[in-house]
Amino acid sequence: MTGPAGEGPAVEITVDGAAVAARPGELLIEACERNGVYIPRFCYHPRMASVGMCRMCLVTVDTGRGPSLQPSCMVTVAEAMAVETESAAAVKAQNGVLEFLLINHPLDCPVCDKGGECPLQDQTMAYGPGESRFVEEKRHFEKPIAISATVHLDRERCILCDRCTRFADQVAGDPLISFMGRGGATEVNTFADEPFASYFSGNTVQICPVGALTAEPYRFKARPWDLTEAVSTAWVDSVGARVSVQSSRNRVLRVQGVDADAVNWGWLTDKERFGFEALDSDGRVTGPLVRDAATGALVPASWADAATRAVEALSRAPAERVAVLGGARLTNESQYAWAKLAKGVIGTDNVDAQLDDGLPPELVLSLPRATIDEVCRPGGVIVLLGGDPKEELGSLYLRLRHAVVSDGATLIEITPRATGLSGLAAHSLHPRPGETAELMRALLAAAATGAADGGAAGCDRAAIAAAAAALDGEFTVVLGRGSLAETADSAAAAAAMLAGRGSVRFLPVLRRGNVNGAFDAGLAPGLAPGRTLLAAGTDRLAGIWPRVPARPGRDARAVLKAASVGEIDVLVLLGADPLNDFSDRAVAANALDGAGSVIAVDLFVNDSAARAADVVLAAAGPTETEGTFTNIEGRVSPMAQKVTPPGTARADWMIAADLARRLGADLGFASPAEIRSEMAEASELHRALTPEALAASPVEGVMLAGTQIPVPAVEAPVAPGSRGLRLVATRTMYDDGVMLRHCPSSRGLARGPEARVNPAALYRIDARPSTTVRVSSARGHLDATLVVDEGVPVGAVAVGWLAPGAPANALIEAGSPVTEVTVEAR
Amino acid sequence: MAADGYVDHAPGYVANEGPKIVTGRFGYEDSHRLARFEATGGYEGLLRALALAPGAVHQQVRDAILLGRGGAGFPAGVKWGFLPPGRYPYYLVVNGDESEPGTYKDRLLMERDPHQLIEGCLIACYALGLSQCFLYVRGEMALAQERIAAALNEAYEAGYAGRRICGTDFSVDVVLTWGAGAYIVGEETALIESLEGNRGMPRLKPPYFPAAVGLYGQPTIVNNVETLSNLGWIMANGADAYRRHGSESSPGTRMFAVSGHVRRPGVYEVEHGVTTFRELLYGDNFARGILHDRELKAFIPGGGSAPWFFPEHLDLPLEAKPVGAAGSMLGSGAVVVMDETTDAVDAALRLVRFFARESCGKCTPCREGTTWLERILQRIADGRGRPSDIDLLLDVSDNISPGPYPAASDEARGLAAVAFPPRQTTICPLGPSAVAPVVSTIRRFRSEYEARITRRDAIPVKAAS
Amino acid sequence: MSRLTADNEARARRIMALYPRPKSALIPLLHLAQSQDGHLTDEAVRHVAELVGITPAEAAGTATFYEMFKFHPVGRYLVNVCTNISCALLGADDLVAHASAALGVKPGGTTDDGMFTLETVECMAACTEAPCLAVNYRYRLRVTPNDFDDLVAAIRSGDIDQEIPHHGTLARVHQEIPEGRMAGISSPEQARAAPAWMAAGAEGAG
Ligand SMILES: Cc1cc2nc3c(=O)[nH]c(=O)nc-3n(C[C@H](O)[C@H](O)[C@H](O)COP(=O)(O)O)c2cc1C
Ligand code: SF4
Ligand code: FES
């Protein structure tokens, strides 16, 4: 980051003769721009340290010692500074730079992706010399080279602004591209056979000021002037990164980051950026499907037929034998519609947006929340309790990384294994699986007494004492779900212990899409909309919903267990894929087989639907429907409809309304806007979500704050006593999930199955590294490559959650505190 | 001269008459050995310094008005005073990257008298509380590296370096490090980048100068090899003795390499400020006139980066101020002499090609501009010039270094001198340096350009020998 | 091809120990790698990057900035003829032409037997001794065509192997700080206090 445009009295400067109030410490280029004077630039980027390389931003600056040419991206404002942005000297210098940049530039604008939105092209048209004075031959490089699976580099077009390389190094922390060579022969490149394999590579395409870096999914697809854009919110994870969705002729062709100061600073993960490809893939469900009784196949049907089949099943079943799983994919409005349908019309509280893969919602909703900015406060102390932000919530990872690297924040991680932030963490503690609460007890005791009694949960005393010392003052907690191979209980208990510490605030980082919106809409057992317990919300809902369930229902684990023994008649999968996402694959399979009817509402036929759905209702995707999204902070921002849904797919809330009508009820709304106004009635929390508030903050969104739920008492489980190897299963950025499978640019990026063990634990395993091993539990087994990894606790074996061909949930028994495994050579 | 293995002419060095402050031992075959060094007053300066308070040592250096020898001529004592108090550790980085065209002195100092340099480093570290010294030698100078390594090993062994130096509580390591071939690394911030393991690209300034933010972001003193080599003598003999040589504003001596078309090219230790170019080029004690009795055409007074002087400037003294006012610089003590047979276009091309090859590539005007200049000059030299090329050269130059470029006066054409230094659109002065030969030659020898462009056979293409 | 040998890796670690940050040893370590193989192999660059804790791309970014590092095999003897101004004034071009004819390669080329690579280089800091050249960075001053032929003959005959090592080997004398003599590296992370002799006050160190 640049220019700590700090607080304090304004600095008076003159820009082109006019008095201008600049912020103290502000860079001249910024001060001018904020005041309507745009200084041309190529290398300067407001989210990265200035390098002053391109020299395009030269202006005449006089600080009392006479005018001189200065790069405005390097100079900070000073009282009484006089700036001429269009002095003869500045204009000459800028034109000179432009000419220099053009002499070796191929000028292939007509075939360049950047043509039409290229600052170099624009500047040249505006100011550039008409005719080239350069008669020599231009520099030549081999034409575009693929520097990663998605990014291509055309070195002839490159103007060496250092943006991509700075991004890779400073922002992403993946310095896999570098300047090579020197002087006129300088080029950007990767090392021999090490591609620019960064989760964030696409950002370089966005910030490249020319067309040197292009993204495979967009290359040659459109010209900028054919595109229209709408600001929306990324949907693949829960950070709520702001994006611009760009389409042409009813097809989304590109997604770019929008600089929301409070959220993603313009950066995106490649998954957020390129995930739209899946929406346009052949695998999309474009109309309803029903299971053909004769062949057992899913075949197209009319909406009337499909809905009728669904409603027949629903109306036959007693309310407590109906369950709705999933919903994190939906907009807030659709979530509310489904909550109303399930709880208010059907009358079941067996509703759960998580699949036993998150944290208890009452805990999450009860904790005092921190914003991303609060967590990333300069000089702050951050406790990471849970998973790996780099793998799970990439754009949040970038903020956390920046806080530590550039803003002096201290990071303490308490995670099941090393994370992408471990290299930056002041303290890394990796407790034995199932013993996070143990460790937290020891930490808090050490913090209280100033000394640690001894080791705990496999972490040594010195490490605990050191981390405890850092917990002395104020801190925030980034709270997620660490390993899926143990119950959430231990981590939840640890969080509850921290919540007992006065001013501590939490940023919940449950990964799945709009899971926070789902909680707020009440898509969890025992909850009503608005961070309210069902019991407490009944009165308020009474006038709005036809009915309200009397007792809290089952959570996903209980629903699936019940279904597997035939106690569920209708199982609705609202974008849920229990087979792949529930912790216990065997239970999920039995549940799908044992449920009376399975109704899937989805964009794709996922593995669970393929196995068991009787009806598949085609839902509209995130760029195909209007609504809002709630991020990890509780920030609500718009999701824009940019294209129409394929075929006859419809918005989830319309599907809910249709089913309700067929069940004889009227949900009472006919648009997302109407749903929002009902939400404001049904929930205190959502009252802040007015059309005016949304309109007033189109980029940063509207923060919903406050909670009606007290911190629940969470019992810490007793740490298991066994001495076997315990499984750690954590999420990875790329896995075998249904969305990624349908995304051409990320297909193939999922790493093959790996079983990682600490070198100190190798002696317990009768196999050599890099060979295939079988990891077995009482439940099942999977085959993976054995990898030595110092970041895995000594008593553990770490695997990815959904590695292709080796789903970790084959090993796990739902509800066991830990999963014990053995590893042997194959 | 004296017995004891002293020879008059070590390879690449001529012993002229006059005070010897830094070259005194060069004539000895074993000048690089500790024994010789100790036998000729070596490490006395260090011992003197250690007997004083660090601040007093700094004061001596201030009083001596020891001007930096790396090119900019900034007084070392003043530069040392820029260290922000209390922000330890401070580092010393020794600039032994000597690569400026025409410059040849630091290599001699490193090869022939490494202990003198080490002594200087130690004195600087002692005076300023510098915690570690990195002696950065140009990569190509294998012998210098070997000699310094050997000298350091001797110094450590003898207790002159490392822990508890000479039994005092002064402890500092002098670490030999070296580059791998890049002229720009001589620029002090690029040198620091290189020492951090990076591409040697200069850092942006302002606001960073190494004394405030240097190696690893810590306060760092960067001094040239010759600058530091003076310190032993200054401490041993005192600032007053030092100031008795040279002129009031430029005391002491300086090493000058006189190369090109002279009878006796060589590296001379010359009294600073009082000697003139005429004495240096023609004096018996120095270069003894132009080769083959030819006429002097032009000379570059301070290394390839300096604008050119002509015969009418011979009476300028070897002192920064008057030379700067006359439109050039003393720079790195490199005087390149060109006789009447020298082809101006060809000579300019050599120098411009150098800067184009050595541009780090960071600044657009330098990276693209120097290459472009080289290609235009090459075209003209190859007989494919266009009449518009002369103006193009000047305009491209102006986009690298805007405004009137420093130049010597030319009374015949009624042109006044433009004082040094040039302005720049770039971060460091390398890009603008490439303009020096272009502007110098076009201003003075425009007709040669025109002839090369219009009459291809008029001027011999090759430099005479 | 090859990573650093065990001996060289040990030497690399000794070199790194002289710097507050290991990355500062990058260039010396790349030289070490080049001395092992005569040029920088990908594997050696990777190994060096690993040792100093950076990515191979970063190491290559630094390495390719500097002329002395070669990424393809060059001759056992690298002949660098200076063609900058001072040498040019005294016949460098003739020397290059002679060298080129004598070796049968253009500047930039390597003789078929892999013995010599000829390069023209910029100022070598021997300007008063023009024209000059260096073979594997060992200087030859005021070189005449005859001198050149003699030099090539001497190299071919092996007579001056002692003086001119194979390409890649730079200095053959290394700084070795005797046990217990090192003052100790001062990294910005640790050293915050004034060094002892400064703290000791105004009276001199001893
Ligand atoms: C392009 C460029 C090249 C330079 N090369 C050298 C060099 O080779 N040796 C040197 O001592 N100083 C060189 N300098 C000057 C250094 O930046 C720095 O001023 C000097 O080392 C300071 O030492 P001094 O104060 O003792 O002179 C160069 C400067 C520039 C701009
Ligand atoms: S002027 Fe040239 S050498 Fe100096 S920093 Fe800029 S590009 Fe590099
Ligand atoms: S934008 Fe300032 S130098 Fe590039």
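Just a few scattered comments:
- With a Förster radius of 41 Å applied to the beta-carbon distance between residue A:304 and residue A:810, the computed FRET efficiency rounds to 0.55.
- Backbone N within segment C:142-159 under 15 Å of label point (7 Å from residue C:115 Cα along the Cβ vector): C:148-159
- In this rough spin-label picture, where each label sits 7 Å from Cα along the Cβ direction, the residue B:446-residue A:68 distance is 3.0 nm.
- Value of relative contact order over chain B, rounded to a whole percent, pairs C-alpha under 8 Å and six or more apart: 15
- For the protein assembly as shown, the share of DSSP beta bridges that are antiparallel, to the nearest 5, is 55%.
- Leading residue at positive end of dipole, chain A (Cβ point charges), from A:727, A:458, A:519: A:727
- Taking all Cα pairs closer than 8 Å and separated by 6 or more residues, the relative contact order of chain C comes to 20 percent.
- Förster radius 35 Å - calculated FRET efficiency between residue C:7 and residue C:190, Cβ distance, rounded to 0.05: 0.70
- Remark: segment A:369-508 carries a charge dipole of roughly 140 debye about the Cα centre, counting +1 on each Lys and Arg Cβ and -1 on each Asp and Glu Cβ.
- Spin-label zone in segment A:93-117 - amide nitrogen under 20 Å from a point set 7 Å from the Cα of residue A:137 along the C-beta vector: A:102-108
- For segment A:11-101, the residue among A:31, A:81, A:21 whose Cα projects farthest onto the positive side of the dipole built from Cβ charges is A:31.
- Cα gyration tensor shape for segment C:6-63, rounded if a/c is under 1.5, else prolate or oblate: oblate
- Neighbouring partner chain Cβ atoms per residue of C:26-32, average, 10 Å criterion: 5
- The C-alpha atoms of chain C define a longest principal axis, and helix C:26-37 lies at about 50 degrees to it.
- Inter-centroid distance (Cα atoms) of segment C:122-161 relative to segment C:45-60, Å: 35
- Net lengthening on full extension, residue A:122/residue A:768 (0.36 nm per residue, minus Cα-Cα): 226.7 nm
- Sorted on the mean count of surrounding Cβ atoms within 10 Å across their residues, most packed first, peptides B:160-173, B:237-250, A:232-245 read A:232-245, B:160-173, B:237-250.
- Sorted by Cβ density within 10 Å, fewest first, the residues A:592, A:213: A:592, A:213
- Efficiency of FRET from Cβ geometry, residue A:648 and residue A:687, R₀ 51 Å, rounded to 0.05: 0.90
- Likely footprinting exposure, A:57, A:32, B:366, A:118, fewest C-beta neighbours within 10 Å first: A:118, A:32, A:57, B:366
- Alpha-carbon centroid distance for the pair segment B:267-314 / segment A:383-397, whole angstrom: 68
- Cα-based helix-to-principal-axis angle, B:142-157 vs chain B, degrees rounded to 10: 10
- Assigned charges on the beta-carbon of Lys, Arg, Asp, Glu; segment A:450-606 dipole about Cα centre (debye): 360
- Around residue A:55: net Lys/Arg minus Asp/Glu count, Cβ-Cβ under 11 Å: +2
- Cβ-placed point charges (K, R +1; D, E -1), dipole of chain B about Cα centre in debye, nearest 20: 900
- With a cut-off of 15 Å on the backbone N, the residues of segment B:359-398 near the modelled label site 7 Å out from residue B:413 along Cα-Cβ are B:390-395.
- Shielding by other protein chains, B:254-265, mean Cβ within 10 Å: 4
- DSSP beta bridge pairing in chain A, given as percent antiparallel to the nearest 5: 60
- Ordering A:333-339, A:693-699, B:12-18, B:432-438 by mean Cβ neighbour count within 10 Å, with the highest value first, yields A:333-339, B:432-438, B:12-18, A:693-699.
- Whole-Å distance, taken between Cα centres, linking segment B:202-234 and segment B:393-444: 28
- By average C-beta atoms within 10 angstrom, highest first, the peptides B:181-190, C:67-76, A:702-711: B:181-190, C:67-76, A:702-711
- Peptide A:159-169 has a mean shielding of 2, counted as Cβ atoms of other protein chains within 10 Å of each residue's Cβ.
- Fraction of antiparallel bridges per DSSP, chain B only, in percent to nearest 5: 45
- Proxy reagent accessibility, fewest Cβ within 10 Å first, across A:152, A:781: A:781, A:152
- On Cα atoms only, tilt of C:92-103 relative to the major axis of chain C in degrees: 70
- Net charge of Cβ neighbours under 10 Å - reference residue A:553; Lys, Arg +1; Asp, Glu -1: -1
- Short-range pairs are left out: with C-alpha atoms under 8 Å and at least six residues apart, the relative contact order of segment A:11-101 is 34 percent.
- Checked against a 30 Å cut-off, the cross-linked pairs B:79/B:105; B:297/C:106; A:114/A:138; A:138/A:271; B:79/C:23; A:390/B:205 give Cα-Cα distances beyond that limit for B:297/C:106; A:138/A:271; A:390/B:205.
- Of A:303, A:90, C:45, farthest towards positive along the dipole that unit charges on Lys, Arg, Asp, Glu beta carbons give the protein assembly as shown: A:303
FYI, it's all coordinate maths here, none of it is from the lab. Being a predicted model, the structure only gives us computed values, none of them experimental. Note that each Cβ is placed from the backbone with ideal geometry, even for glycine, and that neighbours are counted across all protein chains shown.
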